[in-house]
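K.L.:
One structure is given below, represented as structure tokens, and several questions about it will come after.
Bear in mind these aren't lab numbers, they're just calculated from the coordinates by the rules spelled out. Quantities reported herein were computed from a predicted structural model and do not represent experimental measurements. When we count neighbours, we look across all protein chains shown, and the Cβ atoms used for this are built from the backbone with ideal geometry, even at glycine.
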Amino acid sequence: MKKNKLVYEMADFSLDNDELLVNETLFHNANGYLGVRSNFEEGYPDHFQSIRGSYLNGFYDLAEMKQAEKLYGFVEEKQTIVNVADTQGIQLLINQERFSLFEGEVLKRSRTLDMEKGVTKRTILWRSPKGHEVEIVVTRMASFAMLPLFTIQYDVTAKNFSGELEFLSSHIGNVQNYFNPDDPRVAAESFRHIHVERMETKDEVSLITSRTSASQLQVVTAVKHRLSKMGEINHHIQGESIEWEVKTFIEENETVSLIKYTIFADSIREENPYEHAWQLMGEATTKSIETWYQRQEQFLTNYWDHASVEIDGDDELSMAMYYNLYQLLQSAGKDQYSNIAAKGLSGEGYEGHYFWDTEMYIQPFFLLTQPEMAKNLIQYRYNILDSAREHARIMCHTKGALYPWRTISGKECSGYYPSGSAQYHINGDIAYSVINYYLVTKDLDFIAKYGAEMIFETARLWLDAGHFYQDQFMIHDVTGPDEYTCVVNNNYYTNALAQYHLQWAVKFYQLLQANDQTAVLEKIQLLPQEIEEFSKAAEQMYLPYDSELDINPQDDSFLSKRVWDLEKTPKDQFPLLLHYHPLHLYRHQVCKQADTVLAHFIVEDAQSLRTIENSFHYYEKITTHDSSLSTCIFSIMAAKLKEYKKAYDYFGESAKLDLFNTHKNTKDGIHTANMGGNYMAIVYGFAGLRIKETGYHFSPFLPEKWTGYKFKLHYEDSVIRVKVDRQSCQFSLEKGSRKNIHVYGKSYQLEDSLDIPLEGK
Ligand code: BGC
């Protein structure tokens, strides 16, 4: 791998407020546990807006969910991610002149994200109003080797003077969450979620203990500094902040470095977060910062070895791909208390909630590159299975479990049920991810212990939510993935997925019996009659089909609606959800995102290729892609239909979404599902991978503008390398036992390597 491919650099970054907000997201540091937005240590001018935040995955407060009319079962309380203590602040004074990019003269500036080293850097050459020239390099790291550790290294070099240098570093307990009453995609109200309980300084460590208002969770932040030079040090406690101050002397051409260590600890994970933070701070600061940098790099060398998707011939898309895969790593929870929020740990959009995004868009990447991570994500869903059972009861189902549409700790948090709780497909999505986990790993023990219980309980729900009518199994009043069409009968995606899910519930039942792993059947008292019902419902599942158009209508009433004229819709009216009443959208044939097209990707054997093709063209004309989860799926399906140019264009749109802020809301956080979708667009789209009971199937093509691409895949005990260039596609077994694979419909034994001429050039 060429090393420079892993450095994303923004030279001469703009000081425009809107762009700074986006960059706060793009250059955030996270490691799956903690996330810190890339705010300037020294702050911004007073009139500037900034979303200054630090977040912990799965750490939440509760807030009232105001319902104008309190109907039965409506959600009245939601969980929301909490902005915890701010440890980013560092003011620099040079001979008493305060450093600010908005004063004096900025002679050079750049920001980089180094994905090989796992750090961000801000480099500035600045001349103060009185003429002092300094170079400032700020390096930040959210450690992968010690998840609670965040560091800032602040290096100052005096270019043309010797004089006094003063650092004022803050640790602020008085923090609030961001809100915007005009955007349904972020919290609408201002509320202080966290209150300081205790503040102290002890052996040069400042500690702030805070508690959330309603969930009563505790978080402790510990901060310690190291200066490369002797200086006069002071700590002050001021209100709810602790300020650390040091004065020293800098010689011309000398570099003085300040290292600020922060440890975060919370009461979800630790019994005594205070002690834990204290102890970890000891561990963190007994090692040099270089040791932590080395560990970070080692971790990432290993990560890229499995995860990288190399694209040759298009540097911009190649960078976008690396950027996206790095963000997935930064976002994914690495313990049983957390998952992957729609915005990762980069901002407060969607309030830190976990959606189906994880299972359908991100998990495939982890499953194929680091199956242990995928297992962990499933384990989280297993841990909230009891909440899903409770949720099913609230929704009046007497049996089974219904996963919440959006949540942090397990309870449903969607305020608007038509495009929230009504998305019952979440059950099928989670089941699908468990089935895929099994197909890739064949880990039946995990299925017996955890997966099967989830599969059966969610399958029971289909039987309770749906019904037989004239010998067909129907599921009424649900919402599919397309949020511009809500509460409908027989959403094709939902029914097709439920069918697949029920078929697999039967298969797992048989597999567990055949392998004598039946404890789960007793645990949940699953009766043989229920398995018969699963089987019958799957067999008789009604899948909407229109013979005239030879397409699958999105639901029973979809085709009878008026078609929205997208061509005549002014550009500034997108996304439609911000400009039209939901009912107006529901009355039209207009889609926010892939729905039936997505179903055709994940259960492709349910329909003929002709129906899939006709459907693709039908939905393409009425899909706005207002959701970032859409273009990647259209790319995959265009590839399947051999519309390669289109596949490439959809992929390009999708890959650069955050780096180019094309959805205009990157300031609220990255779009993690979209990033996972980019991976899928290459692996499932360009390389044509499908994971079936018969094994891995490939059907690769190479976009015209590229000279090649390559990646690695896990498959049971093996790792397979896939390389596609202008002439051929090559498969080689990097480790593990030989595998049977299918390429362009033909079956091969992969023992060492295979070289197969490229079709469809
Ligand atoms: C999409 C959902 C998605 C959510 C979070 C919405 O805009 O319509 O499918 O789960 O964003 O990413």
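K.L.:
For Ile394 and His581 in the same chain, what is the full-extension length gain: residue separation times 0.36 nm, less their Cα-Cα distance, in nm?
P.N.:
Between Ile394 and His581, full extension yields 64.5 nm more.
K.L.:
Let's see if you can work this out: charge +1 on each Lys and Arg Cβ, -1 on each Asp and Glu Cβ, no other charges. What is the dipole magnitude of the chain about its Cα centre, in debye to the nearest 20?
P.N.:
960
K.L.:
Taking amide H positions as placed 1.01 Å from N in the peptide plane, with prolines and chain starts having none, which residues 5 or more places from Cys591, or on another chain, fall under 5 Å of its amide H?
P.N.:
It is Thr623, Thr624, by chain and number.
K.L.:
Distance from the Cα centre of the range 687-736 to that of the range 310-349, in angstrom?
P.N.:
If you average the Cα positions of each part, the centres end up 22 Å apart.
K.L.:
With r defined as the distance between the Cβ atoms of Ser257 and Lys536 and R0 fixed at 51 Å, what FRET efficiency is calculated, to the nearest 0.05?
P.N.:
With a Förster radius of 51 Å, E is 0.15.
K.L.:
Just how many pairs of Lys in the range 41-179 have C-alpha atoms closer than 20 Å, counting pairs that are eight or more places apart or on different chains?
P.N.:
The number of close lysine pairs in the range 41-179 is 7.
K.L.:
What ranking do 380-391, 675-686, 305-316 get when scored by the average of other Cβ atoms within 10 Å per residue, highest first?
P.N.:
675-686, 380-391, 305-316
K.L.:
Now for a different question. Determine the relative contact order of the range 396-480: mean sequence separation of Cα pairs under 8 Å and six or more apart, normalised by residue count, in whole percent.
P.N.:
37
K.L.:
What is the distance in Å between the Cα centroid of the range 103-121 and that of the range 10-35?
P.N.:
Distance between centres, Cα-based: 11 Å.
K.L.:
Next up: Going toward the positive end of the dipole of the range 364-508, with +1 on Lys and Arg Cβ and -1 on Asp and Glu Cβ, which of His425, Thr407, Pro481 do you reach last?
P.N.:
Projecting each Cα onto the dipole axis, the largest value belongs to Thr407.
K.L.:
Using 0.36 nm per residue of separation minus the Cα-Cα distance, give me the extension gain between Ala68 and Ser560 in nm, one decimal.
P.N.:
My answer for the length gained is 173.9 nm.
K.L.:
Between Asp550 and Thr301, what length in nm is gained on full extension when 0.36 nm per residue of separation is reduced by their alpha carbon distance?
P.N.:
84.7 nm
K.L.:
Sticking with this structure for a sec: Of Arg393, Arg269, how do they rank once you tally other Cβ atoms within 10 Å and put the fewest first?
P.N.:
Going from sparsest to densest Cβ surroundings: Arg393, Arg269.
K.L.:
On to the next question. Quick one: if you take sqrt(5λ) for each eigenvalue of the C-alpha gyration tensor of the chain, what semi-axes come out, biggest first, whole angstrom?
P.N.:
46, 29, 26
K.L.:
I've got another one for you. Run the paramagnetic zone check for Val7: 7 angstrom along Cα to Cβ, then residues of the range 266-304 with backbone nitrogen under 16 Å.
P.N.:
Correct set: 297.
K.L.:
Taking a 28 Å limit on the Cα-Cα distance, which of the listed pairs Lys229/Lys343; Lys399/Lys536; Lys646/Lys692; Lys5/Lys712; Lys710/Lys739 fall beyond it?
P.N.:
Lys229/Lys343
K.L.:
Let me ask something additional. Explain nothing, just the number: relative contact order of the chain, from Cα pairs under 8 Å at least 6 residues apart, as a whole percent.
P.N.:
11
K.L.:
Applying the Karplus parametrisation 6.51 cos²θ - 1.76 cosθ + 1.60 with θ = phi - 60° to the phi angles of the range 122-136, what ³J(HN,Hα) value in whole Hz is obtained for each residue in order, glycine and proline being reported as x?
P.N.:
10, 10, 9, 10, 10, 10, 6, x, 8, x, 6, 9, 9, 9, 10
K.L.:
Okay, moving on. Go through Ala188, Tyr178, Ala158 and say which Cα lies farthest out towards the positive end of the charge dipole of the range 140-230; charges sit on Cβ, +1 for Lys and Arg, -1 for Asp and Glu.
P.N.:
Sorting the options by dipole projection puts first Ala158.
K.L.:
Listed highest first by mean packing, meaning other Cβ atoms within 10 Å per residue, what order do 603-609, 586-592, 537-543 come in?
P.N.:
Averaged packing, sorted descending, gives the order 586-592, 537-543, 603-609.
K.L.:
Same structure again: About the Cα centre of the range 236-357, what is the dipole size in debye to 20, counting +1 per Lys and Arg Cβ and -1 per Asp and Glu Cβ, all else neutral?
P.N.:
380
K.L.:
Same structure, new question: Hey, got the dipole for the range 504-610? About the Cα centre, +1 on K and R Cβ, -1 on D and E Cβ, debye to the nearest 20?
P.N.:
Roughly 500 debye, rounded to the nearest 20.
K.L.:
Now for a different question. Sort Asp755, Asp482 by Cβ crowding within 10 Å, fewest neighbours at the top.
P.N.:
Placing the least packed residue first, the sequence is Asp755, Asp482.
K.L.:
PRE reach from Ala188 (point 7 Å along Cα→Cβ): which of the range 577-621 fall under 14 Å by backbone N?
P.N.:
Residues 578, 582 fall inside that zone.
K.L.:
Separate question: Compute the distance in nm between two label points, each set 7 Å from the Cα along the Cα-to-Cβ direction, one at Asp46 and one at His236.
P.N.:
1.9
K.L.:
Which residue, Gln279, Pro575, Val220, has the largest displacement toward the positive end of the dipole of the chain when charges sit on each Cβ (Lys, Arg +1; Asp, Glu -1)?
P.N.:
Value: Pro575.
K.L.:
A further question follows. Would you mind putting 738-748, 239-249, 356-366 in packing order, based on average other-beta-carbon counts within 10 Å, highest first?
P.N.:
356-366, 239-249, 738-748
K.L.:
Report, in deg cm²/dmol and to the nearest 500, the calculated mean residue ellipticity at 222 nm for the chain, where each DSSP H run with n ≥ 4 adds -39500 (n - 2.57) and the sum is divided by the residue count.
P.N.:
Counting only the DSSP helices, I get -9000 deg cm²/dmol.
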